[in-house]
Structure formats: C-alpha cells, structure tokens
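Trainee: Can you read through this structure? Questions will come right after.
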Amino acid sequence: MIQIPDIANATPIQILFCVLSVITLATAFLTIYSKKPMHNAIYLVICFTSISGHYLLLNAQFLALVNLIVYIGAIMILMLFTIMLMNLNKENEVHKPRITRLGAIVVFCLMCLVLIAMFMNSKPIADGSYDVTGEDYQSIQVLGKLLLNEYMVPFEFASVLLLVAMIGAVLLSKKEKIEK
Amino acid sequence: MDNILNQIGIENYIFLSVILFCIGVFGVLYRRNAIVVFMSIEIMLNAINLLFAAFSTYHQDAQGQIFVFFSMAVAAAEVAIGLAILVSIFRNMGTIDVGNLKNLKG
C-alpha cells in the first residue's frame, strides 16, 4: 500500500525526490502538450536532466553521467538539428479528430489506473527495510568489470549495432541521384 | 552507507515510472507530429531505464545498470535511424504529419 509520507517530518532526500518527480512529470507532460517542436525539445531536455538527478539520488553516478552525455548531448542535439533542418517551428499542426484525442485520454487514464492498481497490490520481497550488504555494486570499477567479463558479447554486438545504425543513417539521409 | 530506498521506498519509483510511461503512451496516441511521437518513445524508454536503476539498487546488483547501458545504445541507434527516415519522408512529402503517411493503404 502507499504510505502517505509525513510532510512535516520529511527528510531532505524525500523532499528532493518529490521535487525531482514533479519536475520530471510536469516537463514530460509539457513535452507532449506544447505546440512548438522547439519548446517540446527544450522541455524534454529538462525532463532528462531531472531523470539524471534521480540516478544521482540512487547513487548511480556513472549512469547519471552517461544519461546526460548520451540523451542530452547526443539524442536531443540530433532532434534539435532535425527540427531546425525541417524548419518546423510553426503552429499549423492539424489536430487529430476529437474522437481519437478522447480515446488517447481514456487510454492514458485506464493504463495509469490498471498499472498503479496492479503494483499497489503486489507484495515487495523485502518488507519495509532494505538491508545494505555494504558491498560496492555500482562504481565504475564494478560496472566496467561486469561489462567486459560477463557481458562481453552483448557489448561487442552493441558496437556493431551502432556501426550499422550509423551507416544506415548516412545512406538514408543521402540525397539520391536522379536516375536517367 | 545508508540505502536510499529506506527513505523513499521502491513503490514511489514504480509509480513514477508507471506515470511517466503512461505519459509517453499518451503522447504517441495524441500527437500527429512525428518528431513529438519520437520524443514520447524516448520518454517511455527513460521510464523503463529509471525502473531498471531503481531495482538495481533494490537488489544491490549492478546488472540492472548494465541493462540500462544497452537500452541506451539501442535508443541512440533507433533515434539516428528514425530521424534519417523522417528527413527522407520530409524531403519527399513536405510534411511529417503521421496522418498523411498512408501510401501503403490498400
């Protein structure tokens, strides 16, 4: 069940979590709701930054940095360049028909309801307290060892995947020569 | 070192991820602009990544974070290919409204 946190006795970490969550959800919603594509991208950047904050809160420093670099440094820049390339920054987007939008809202509410109800009734393995083994499990050292020993093959395949994606992107976005 | 989940609780992370994922689904269904649809997919992927990281802390196990790295690599590849396809569609049709892409409709 949900324990309603005591607002008067909230620890700084709980307050931080609440603030970060509110920022994440609000900017995620604004990403979808805002009309201009450029504003959407900026809101999404804020959303990803707050998710990095969540990772820092979970003490996963390397993950937070990688999230910043990959999502904000690479993916969002790519999206911003595409938006600028297409010159889409105008508000003449035609809306979907009203029935589709209504359906989207209904799907959103139903999915939230079902998933939250499902997870509210699921029982946690550890009830209440999470014991700390004191073992180091998320420093860069541990992650690197795990990545290069146990997950060696998927790691190499990820590099192949990125290479293929790069070649594919170049091929797709190259201008085709006009056939005679 | 104190565990962060003692103070926040895994349920709150689950609820945050669920709501974030639902917002992503809502964006895919609600908008017609293909770039915004892409951004919604990114939001969904991030919700799952956050849940992976939270459960990695819950189980005191690094494998959850390794999965996040792989999902990030796949997301980067997906965005590169998807945006290339979008640019190509824009060049051919002059719009990226997903409602106009019905050439394959019988």
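Trainee: Can you tell me the dipole magnitude for the protein assembly as shown around its Cα centre, using point charges on the Cβ only (Lys, Arg +1; Asp, Glu -1), in Debye to the nearest 20? The partial results should precede the final answer.
Mentor: Details: 17 positive and 17 negative charges, 376 e Å.
Dipole size: approximately 1800 debye.
Trainee: Which of rounded, prolate, oblate describes the stretch A:9-92, given a ≥ b ≥ c as roots of the alpha-carbon gyration tensor eigenvalues and a/c under 1.5 marking rounded, otherwise prolate only if a/b is larger than b/c? Show your work: numbers first, answer last.
Mentor: Details: a/c = 5.71, a/b = 1.69, b/c = 3.37.
It comes out oblate by the Cα gyration axes.
Trainee: Let me ask another. Taking beta carbons within 10 Å but only from partner chains, what does the mean come to for residues B:55-65?
Mentor: Working: counts 0, 5, 8, 5, 4, 9, 4, 12, 5, 4, 12.
Mean inter-chain Cβ contacts per residue within 10 Å come to 6.
Trainee: For chain B, go through all pairs of different Cα atoms, get the mean of 1/r, take its inverse, and jot down that Kirkwood value in Å. Please report the intermediate quantities before stating the final value.
Mentor: Numbers: mean 1/r = 0.0632 Å⁻¹.
That comes to 15.8 Å for chain B.
Trainee: For a quick check: sort A:SER34, B:SER17, A:SER52 by the number of other beta carbons within 10 angstrom, fewest at the front. Walk me through the numbers on the way to the answer.
Mentor: Working: A:SER34 18, B:SER17 25, A:SER52 22.
Listed from fewest to most nearby Cβ atoms, that is A:SER34, A:SER52, B:SER17.
Trainee: With springs only between Cα atoms under 10 Å apart, run a GNM on chain B and tell me which of B:ILE41, B:ILE19, B:ILE85 wobbles the most.
Mentor: The residue that fluctuates most here is B:ILE85.
Trainee: A further question follows. Can you bin the protein assembly as shown into rounded, prolate or oblate? Criterion: square roots of the alpha carbon gyration tensor eigenvalues sorted a ≥ b ≥ c, rounded for a/c under 1.5, prolate for a/b above b/c, oblate for the rest. Provide the component values of the computation, followed by the final result.
Mentor: Working: a/c = 2.30, a/b = 1.43, b/c = 1.61.
Cα axes put the protein assembly as shown in the oblate bin.
Trainee: Taking neighbour counts of Cβ atoms within 10 Å as a proxy for exposure, in what order, fewest first, do B:ARG31, B:ARG91 appear? Each step should come with its number before you reach the end.
Mentor: On the way: B:ARG31 25, B:ARG91 12.
So the ranking, lowest neighbour count to highest, is B:ARG91, B:ARG31.
Trainee: Which order results if B:TYR58, B:TYR13 are arranged by neighbouring Cβ count within 10 Å, fewest first? Show your work: numbers first, answer last.
Mentor: Values: B:TYR58 18, B:TYR13 24.
Listed from fewest to most nearby Cβ atoms, that is B:TYR58, B:TYR13.
Trainee: Anyone know which of B:MET44, B:MET93, B:MET72 comes out most mobile in the 10 Å Cα GNM of chain B?
Mentor: B:MET93
Trainee: Okay, next question. Name the residue from A:LEU161, A:LEU44, B:LEU83 whose Cα lies farthest towards the positive end of the charge dipole of the protein assembly as shown, charges +1 on Cβ of Lys and Arg and -1 on Cβ of Asp and Glu.
Mentor: Ranked along the dipole, the leading option is B:LEU83.
Trainee: Name the most mobile residue of B:PHE52, B:PHE67, B:PHE38, meaning the one with the largest mean-square fluctuation, in a Gaussian network model of chain B with Cα contacts below 10 Å.
Mentor: Of B:PHE52, B:PHE67, B:PHE38, the most mobile in the Gaussian network model is B:PHE67.
Trainee: Based solely on its DSSP helices, what 222 nm [θ] is calculated for the protein assembly as shown when runs of n ≥ 4 H residues each add -39,500 (n - 2.57) and the sum is averaged over all residues, nearest 500 deg cm²/dmol?
Mentor: Working: 11 runs with 198 residues, N = 286.
Using -39500 (n - 2.57) per qualifying helix, the result is -23500 deg cm²/dmol.
Trainee: Hey, got the average number of other protein chain Cβ atoms within 10 angstrom for residues in A:102-114?
Mentor: Working: counts 0, 2, 7, 3, 1, 6, 9, 2, 1, 7, 8, 1, 2.
If you average over the peptide's residues, the count of other-chain Cβ atoms is 4.
Trainee: My understanding is that a pair violates if its Cα-Cα distance is over 27 Å; which of A:LYS35/B:LYS102; A:LYS175/B:LYS102; A:LYS96/A:LYS174; A:LYS35/A:LYS174; A:LYS36/A:LYS96; A:LYS174/B:LYS102 do that in this structure?
Mentor: Numbers: A:LYS35/B:LYS102 24 Å; A:LYS175/B:LYS102 23 Å; A:LYS96/A:LYS174 32 Å; A:LYS35/A:LYS174 30 Å; A:LYS36/A:LYS96 16 Å; A:LYS174/B:LYS102 23 Å.
Listed pairs above 27 Å: A:LYS96/A:LYS174; A:LYS35/A:LYS174.
Trainee: Separate question: May I ask which residue of B:SER40, B:ILE96, B:TYR30 lies farthest towards the positive end of the charge dipole of the stretch B:9-97, with charges of +1 (Lys, Arg) and -1 (Asp, Glu) on Cβ and the Cα centre as origin?
Mentor: Comparing the listed Cα positions along the dipole, B:ILE96 ranks first.
The numbers here are math on the coordinates, done by the rules we state, and not lab data. No experiment lies behind these values; they were computed from the predicted model shown. Cβ sites come from the backbone with ideal geometry, for glycine too, and all protein chains shown count toward neighbours.
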